[in-house]
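Nothing in this text is a laboratory measurement; each read-out follows from the coordinates by a stated rule. Only a predicted model underlies this, so the values are computations on that prediction, with no experimental measurement involved. When we count neighbours, we look across all protein chains shown, and the Cβ atoms used for this are built from the backbone with ideal geometry, even at glycine.
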Amino acid sequence: MSVDWEFDDIKNHEEVCWEYTEDGLLAYEEEGWEQVDDTMYTRMSPKVHGLIQSSKDAHLGQINPTNMIEWKYRLDCLFDAGKFYLSSDTDEGDVPIRYRFSDLKTFEGLKVSADPWTKEKFDLSIREIRMKRILASKDFDF
């Protein structure tokens, strides 16, 4: 399922939503870079890309001051349930990273085409995700 997104209402969206480089080797070796002109490459920032992807599971459509706490709550629930949308590449592999309130504040105004859910429906979905993980782990003995 694809997600439509809009950055226009994000303050400084050209700077915070996009990364730029003139390093053609970097753009060749890493995913997501697109050539803009003869020397410049760009890609969506990993933080905003993760928020867009998370909207499919968080079921919230826009980040604004009235729902920022709900965004943080849902992202933390998803993280605790094993759903990660942001990571850091280390020698040991990708390490999941939690979103912070400052990240949500940076991307205030982000609009995505998520299917909005009530708090109760979202909480039930988290229960189902966690139950599936428990059953898949076979880490129980009856």
| task | Return a whole-number percent for the relative contact order of the chain, with Cα pairs under 8 Å and 6 or more residues apart as the contact set. | result | 30 percent
| remark: From fewest to most C-beta neighbours within 10 Å, the residues TYR85, TYR73 line up as TYR73, TYR85
| note | Ranked from fewest to most other Cβ atoms within 10 Å of their own Cβ, SER88, SER113 fall in the order SER88, SER113
| said: Helix-only mean residue ellipticity at 222 nm, the chain, DSSP H runs n ≥ 4 weighted -39,500 (n - 2.57), per residue, nearest 500. What is it? | reply: -12500 deg cm²/dmol
| Any idea how far apart ASP139 and ASP23 come out in nm if each label point goes 7 Å out from Cα toward Cβ? | 3.7 nm
| message | Between HIS13 and GLU70, how high is the FRET efficiency from 1/(1 + (r/R0)^6) when r is the Cβ-Cβ distance and R₀ = 25 Å? Nearest 0.05. | response | 0.65
| Put a dot 7 Å past each Cα toward the Cβ at ILE97 and LEU124; how far apart are the dots in nm? | 3.5 nm
